[in-house]
Structure formats: C-alpha cells, structure tokens
Amino acid sequence: MSTIIQSRIEQLRALMQQSEISAVVIPQADPHQSEYLAEHWQVRQWLSGFTGSAGTLVVTADRALLWTDSRYFLQAAQQLADTGIELMKEGLPETPSIEQWLCAELPAGSTVGVDGMVFSLAAVRRLKSALAASDITLETTFSPIDKIWSGRPSLPDDAIFIHDEKYAGESASAKINRVLSLAADAKADSLFISALDEIAWILNIRSTDVNCNPVATAFLYLSPGRKVLFTDEAKVDDKVRAYLADAAVDVAPYDSVSRFLALLPKSDRVYIEPERTADTLSAVLGAHAVEGASVVALPKAVKNDVQIAGVKNAMARDGVALVKLFMEVERRLQAGESLTELDMARLGTLYRSQGALYVDDSFEMIAGYGPHGAIVHYSATEESSSEIKPEGLLLVDSGAQYFDGTTDITRTVALGEPTPQERRDFTLVMKGHIALATAIFPEGTRGDQLDALARQFLWKNGLTYLHGTGHGVGHFLNVHEGPQSIRLNHVNVGLRPGMITSNEPGIYRAGIHGIRCENLILCVPSDLSNEEFGKFYQFETLTLFPFDLKLFDLSIMTDEEIKWLNDYHEHVRKTLLPLLENQNQRDWLTAKTQPLCR
C-alpha cells in the first residue's frame, strides 16, 4: 500500500508543477463541510491512506505531511508508516499550524492551491490572510483529483425518504417558517444552506448517502417566494416529490446550484454560514451574501418533546441489544470460542437490528481490546482485528440510528480479574463522569465551563485525555452535531433544555489499555431555579446499560458517588427488565446492576 500512496503523491506533484503550485492543501471535507464523507469525497484518504475522520494533507514538491488530532495519533502513525507522509500532531505546543508551516517553508512569491468547493469561505479567508503576510498567494481553483483518481466513486444516488412527523415532532413547513424568520431577523431575504444534517432536519427527509449518517447530498435555498432542493433528481421518487411539493419545495439538479445562485435578483440578500458554505459558491453569491452563524443549528439541537420521548424509547431498545451482545461475549469467552474485535462489531449490528425502528449503526463500532483501546477512534480491519481473550480490558464504543432517535454509548469492561491500575484508572474516569452527570449550573453556562468537572480527578493524579468530554447528538441524524459541546476550548453556546450531549471522559495508556465511559445526557430545568438568582439547569442521563461493577475501586469513591451509581443501575434494571426476552437475560442484568457497598 505504501508504494501506491507514494505513486499517487507523485502524480499530484506532477500536476502541481504544471500549474505552478508550490503546495496543495487537501482537507477531509466535501462541499457541505461534513464530518463524515461519501466515498466520492474521500480524497484525502485516497491520497494518504489514512482513514481517520479528521485530518488535512499538505503536499509540496519534496514533502508531504498530515495534520490530525489526538484521537488519531496512534492510528495515523501506523497507517502513514513507509508512505513518506510525515505525521503532524495537531494541538501539541511543538506542532505548528498548517498556516505557520507553509509560511515558514515556502519562499515569498509561492502559490498554494486548494479546491474552493471543499474549503469553506471562512477557511479560505483565514488561510489567505495568513499566507499574504508572507507574500504567498492562495489559488482556490486547483482541483486536480479527477485527473489522477481513475475509478473515483460517483456522487451518491441513494433514495431520499421521509422522516415521519410522528418521530420528528414538527412539520417541514413549520421549520421552514422558523428558520426564514430567523434569517429575516438578520436582515436577509432568503437562506442558502449547505450542511446536510441541517437540510435533512428542516425538510424531515433522510437518505443513506453517507455511511451511518442518514443524510442526502443536497443544497437548499429558501425564500418566502421560492424554495429549492438541489439534489440528484433520481433520488426523488413520486412520493417524496409530492411530499416536498406540499411544503412548496421544488427539486432541481445538484449541479445546477451555482447557475441558480448566479441568477438571483440583484436585490436578494441571502443568509449564509461562512464556516459551512463552500468558497466557490460564496464567490458566486458575492454581494448577495449576508453572513452569520447558522440559524438552523440551535433549533435543531434543542429537541422537542416528541423527539425526547423517542430517544428514551430508542435507548431502552438499545439497552436490550447491548444485554444480548455482552452476554454473548461472556458466553463465547467462557466456552473458549473464538471472538475478535470484528466479531464484536458484527454482533452489535445484529442484535440492534433485531429491535424495532432500527435503520443503521450511528457509526462503525470501536471495539478496542487491550492496547487497541488506547487508540481513541480505533477501527478494526481484517488485518488488525485482535482476538479477544478472557483477560484485560475491552473498550466498546457503539451506537445506532433508529427512526425515533440516535444512540451513542461507550463501556469498558474487564474480561478477567482487573489489576489495581485498571480499577484505579477506571474509577478516576467514572468519578469525572459522575461529577458531570450531577452538575447543576445557571442559565447561560457553556460546555467549556463544565469540562473541568470531568477531568478534575485525573488531573489531580497527573493524568488527562486530549479529546473533548462531550458532543451534541442528532435525532435520527449525525451522531456528532453542534452547536453545543463540552470541551476545554471555548464554546460560544450556552447549554439549554432539550440539548442532548455525550458525557465521555477517558484515559489512554499507549500500548496498555484505554478506558472511556460514555452516556448521553439531556439538559433539563433544575428545581433550584429561583426568582433571585434565575434559572438553573442540570442533566438527565438517557443511556440505559450498566457499568462494569468489577472495575470500581470503592476506596477512592465518596458515598454520594456510590449512591449515584446504585441509583443509575436501579433505573437501568427497572427499565430494561420488562423488555428482556427470557429469564437468563433478566438474571444477567440483575447481577450486573447489584448495588455496591463498602
């Protein structure tokens, strides 16, 4: 594989030389600035061989480098070995940013090339400004990939289907009116949306264009007088076309969007989000554009009562599937039968698919046994898949897409007698998990103001983790969504009732083990709200599956923490027991949720 990657890089360099491009920047991105991409847009992966969902490749005449974050340090080091591509560990003090590196390495007068359809307007502005300070030009029309990627996958053409209002809780017409009103508040006449999850949410449509993310490849233009969905028309059958027509939405070809924007009346003021709108399309809009933060992200993030009820039902079915999964793991290990990380993924999908309203997994399962658990976003392959043995730790991060909600859960379990270090590491992580789960905070509190609650016990022991503590979660949509998150860096959005966020502190010891404990939590009003000090909020835990009792070190836990754990396990037991199919399952869950005491 390494020689194939080297050959692809050399072909790219030949085209760079022809176009007098000194360096090219290739992000993990599509024209919609999606986190997860359809195969057609996996350009960076194809060129580098690195399969992580975050990372940017930079190629010059004599060097190739890949920037990625801490989730992928170990994975990237393995996948880039012998390719000639250097790993740049993003976020470390000694690692320069891409802009800093280009300015330091390229001489004045150089030209950096990017494809403006996969770079947002905001990203182009940042890069252009940084390069200009060193007299380096940015060319935004360098798009050579079709010349070297023979057999490039076509644009996805999966069918669009309707997400029923009985699950969505609000009609497409009502959502259109809401977001148009918000755009009008910003002095805009219309709205142009590129983000696939926002389009899916507004119109109550879904598709399978992107693995595990039920979105359709499309753009959306909304105005009081005209509404147009730009997508491959083969994706839209008569039923969906009639449904869209009822909401006064026309359908036009995906590749006609640029021509449409160019022909808008000169007086039309179009609201766009610079971080999610392709620079090439922004340039077509020109003076038409009114820029601002997404007016869709926040309404989408605040779930309505129907969605919240649906997620709770989905969590119960998910918990049943996980009981079956972990019972099967224990059975196979006790029987001495073969079990691999890939077997775990297949079994997880099997048991979830047996439940009502299942559509897909919400991401590819991370089943990391032993040292693989320390690779934060590990993905087992046929070559890497380890055999799981009745010893050590197993980290399982998984989730599902149901019509009524999206799930995401991580459990770390001991497959044998845990060591003192394993128990201590696990308990320190869980102390942080409990601290965040029980937080009470005033209205306006942001995720970055709560993040240290989950890290404090690790920090006190000279330990930490480099990923965020919590991300927003969609409703039968992308498992990662904003605008809220819980992380160290600044988040300019306060948490509010209706938002669903993950709670997933962890610790990763390279070559030894990884531990992560994740539930989804719903922001709800607190009874402590009062007239003098205002509104207060807290979290309700939604996920329904036990933590491994063997891994708790009670000697470093408080009475309050033990009570929280016992109360949580009682809730899991009472909710899932009536849903389980047989006495063996009920006995297993009862044993796994016994109260802990000193």
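The values are calculated or read from the model by the stated rules, or taken from the named source; none is laboratory data. Bear in mind that the values here come from a model prediction, so they are computed numbers and not experimental data. Methodologically, a virtual Cβ is constructed for each residue, glycine included, from the backbone with ideal geometry; neighbour enumeration extends over all protein chains shown. To get the accessible areas, we keep the full protein, side chains included, count just its heavy atoms, and leave off ligands, DNA and RNA. Shrake-Rupley method; radii C 1.70, N 1.55, O 1.52, S 1.80 Å.
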| Does any residue of segment 317-337 turn out to be within 21 Å of H571 (Cα to Cα) and under 20 Å from the mean Cα position of the chain (by Cα)? | yes
| How many residues does segment 359-393 hold that are more than 28 Å from D209 (Cβ to Cβ) and under 15 Å from the mean Cα position of the chain (by Cα)? | 0
| query | Is it the case that some residue within segment 181-192 is under 27 Å from V311 (Cβ atoms) and aromatic (F, W, Y)? | reply | no
| Looking only at residues in segment 407-445 that are among the charged types (D, E, K, R) and either without any contact (Cβ under 8 Å) to a residue 12 or more places away in the chain or not in a strand (DSSP E or B) (or both), which one is surrounded by the most Cβ atoms within 10 Å (Cβ to Cβ)? | D425
| message | When you scan segment 341-363, do you find a residue that is in contact with a strand residue (DSSP E or B) (Cβ under 7 Å, 6 or more places away or on another chain), more than 20 Å from V572 (Cβ to Cβ) and either of a type in the set (V, I, T) or modelled with pLDDT under 95 (or both), even just one? | response | yes
| If only one of R178, R241, R226, R206 is closer than 20 Å to G310 by Cα and not hydrophobic (A, V, I, L, M, F, W, C), which one is it? | R206
| Given the structure, is V376 closer than 28 Å to E198 by Cα, aliphatic (A, V, I, L, M) and modelled with pLDDT under 95? | yes
| message | Consider segment 275-291. How many of its residues are more than 26 Å from P156 (Cα to Cα) and open to solvent by 20 Å² or more (accessible area, probe 1.4 Å)? | response | 5
| Out of segment 33-71, which residues are touching a Phe, Trp or Tyr at 6+ places or on another chain (Cβ under 8 Å), over 25 Å from E105 (Cα atoms) and open to solvent by less than 10 Å² (accessible area, probe 1.4 Å)? | G52
| note | Sole miss for D209 among (1) under 26 Å from the mean Cα position of the chain (by Cα); (2) under 25 Å from V302 (Cβ atoms); (3) among the acidic types (D, E) is condition (2)
| note | When segment 233-276 is checked residue by residue, the ones that are at pLDDT 95 or above, more than 28 Å from the chain's Cα centre (by Cα) and of a type in the set (K, R) are K239, R241, R259, R269
| task | For segment 249-274, enumerate the residues that are surrounded by 15 or more Cβ atoms within 10 Å (Cβ to Cβ) and either closer than 27 Å to N478 by Cα or in contact with a Gly (Cβ under 6 Å, 6 or more places away or on another chain) (or both). | result | V249, V251, A252, Y254, V257, S258, V270, Y271, I272, E273, P274
| request: For residues that are assigned to a loop (DSSP other than H, G, I, E, B), in contact (Cβ under 8 Å) with a residue 60 or more places away in the chain and farther than 15 Å from Q538 by Cα, tally how many sit in segment 468-526. | output: 15
| said: Return the residues of segment 557-576 that are open to solvent by 60 Å² or more (accessible area, probe 1.4 Å) and closer than 12 Å to A435 by Cα; say none if nothing qualifies. | reply: E560
| query | Within the bounds of segment 277-284, is there any residue that is at pLDDT below 95 and either of a type in the set (G, A, S) or part of a strand (DSSP E or B) (or both)? | reply | no
| said: Looking only at segment 358-387, count every residue that is without any contact (Cβ under 8 Å) to a residue 60 or more places away in the chain and aliphatic (A, V, I, L, M) and tell me the total. | reply: 4
| Could you say which residue among N461, N503 is open to solvent by 10 Å² or more (accessible area, probe 1.4 Å) and in contact with a helix residue (DSSP H, G or I) (Cβ under 7 Å, 6 or more places away or on another chain)? | N461
| query | If you go through segment 211-248 one residue at a time, how many are part of a helix (DSSP H, G or I) and crowded, with 17+ Cβ neighbours inside 10 Å? | reply | 4
| How many residues does segment 9-32 hold that are at negative phi, open to solvent by 20 Å² or more (accessible area, probe 1.4 Å) and not aliphatic (A, V, I, L, M)? | 9
